[in-house]
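**Student:** Please read through the structure below; I'll follow up with questions.
The values are calculated or read from the model by the stated rules, or taken from the named source; none is laboratory data. No experiment lies behind these values; they were computed from the predicted model shown. No Cβ is skipped: glycine too gets one built from the backbone with ideal geometry, and neighbour counts run over all protein chains shown. To get the accessible areas, we keep the full protein, side chains included, count just its heavy atoms, and leave off ligands, DNA and RNA. Shrake-Rupley method; radii C 1.70, N 1.55, O 1.52, S 1.80 Å.
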Amino acid sequence: MKRIVLGLMFALFLATLAGAQTFRGAISGSVTDPSGGVVPGAKVKATDVATGIDHNTVTTSDGQFAFQDIPLGTYKVTVTAAGFATATADHVPVTAGNIYTLPVKLSIGKEATTVE
């Protein structure tokens, strides 16, 4: 009887551990300008390199962004904002249960003028 109770307790313990595992990760970060000021409203896109699937978000009023609970893999992160050059980060790893922190510093973009 004692063996059965111990066996059941051990099985319950293993089931609890298995339920706690995750098969997703996250990318978070901040977007700043050349002077270190935050850039609210910047468009941030994370593309899974293997599948080509895009995840999109916009930075908050304090320049922060996050992609929560995304599939594991390697991502290409692209940040665009009006008046700034596009910034790209290649080979951003997303691993199980981890948050990859990606600070992005934008540079001033070149203004395009069209004359007709």
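**Student:** For a quick check of your reading of the filter: which trypsin sites (Lys or Arg not before Pro) in the stretch 30-116 sit in a DSSP loop and have no more than 11 other Cβ atoms within 10 Å?
**Tutor:** Filter output for the stretch 30-116: 110.
**Student:** Between residue 105 and residue 49, what FRET efficiency comes out of the Förster formula 1/(1 + (r/R0)^6) with R0 = 25 Å and r the beta carbon distance, rounded to 0.05?
**Tutor:** Taking R0 as 25 Å, the efficiency between residue 49 and residue 105 is 0.65.
**Student:** Continuing with this model, one more query. How much of the accessible area of the stretch 43-116, in percent, comes from carbon and sulfur atoms when a 1.4 Å probe is used?
**Tutor:** C and S atoms contribute 53 percent here.
**Student:** What's the FRET efficiency of residue 60 with residue 23 using the Cβ-Cβ distance as r and R₀ = 25 Å, to the nearest 0.05?
**Tutor:** 0.35
**Student:** What is the gain in length, in nm to one decimal, between residue 76 and residue 38 on full extension, counting 0.36 nm per residue of separation less the C-alpha to C-alpha distance?
**Tutor:** Computed gain between residue 76 and residue 38 is 11.5 nm.
**Student:** Using DSSP to define loop residues, name the chymotrypsin sites (Phe, Trp or Tyr not before Pro) in the stretch 31-116 whose beta-carbon has at most 13 other beta-carbon atoms within 10 Å.
**Tutor:** none
**Student:** Non-local amide H neighbours of residue 109 (under 5 Å, H modeled in plane, Pro and chain starts lacking H): which ones?
**Tutor:** Placed amide hydrogens put 84, 85 under 5 Å from residue 109.
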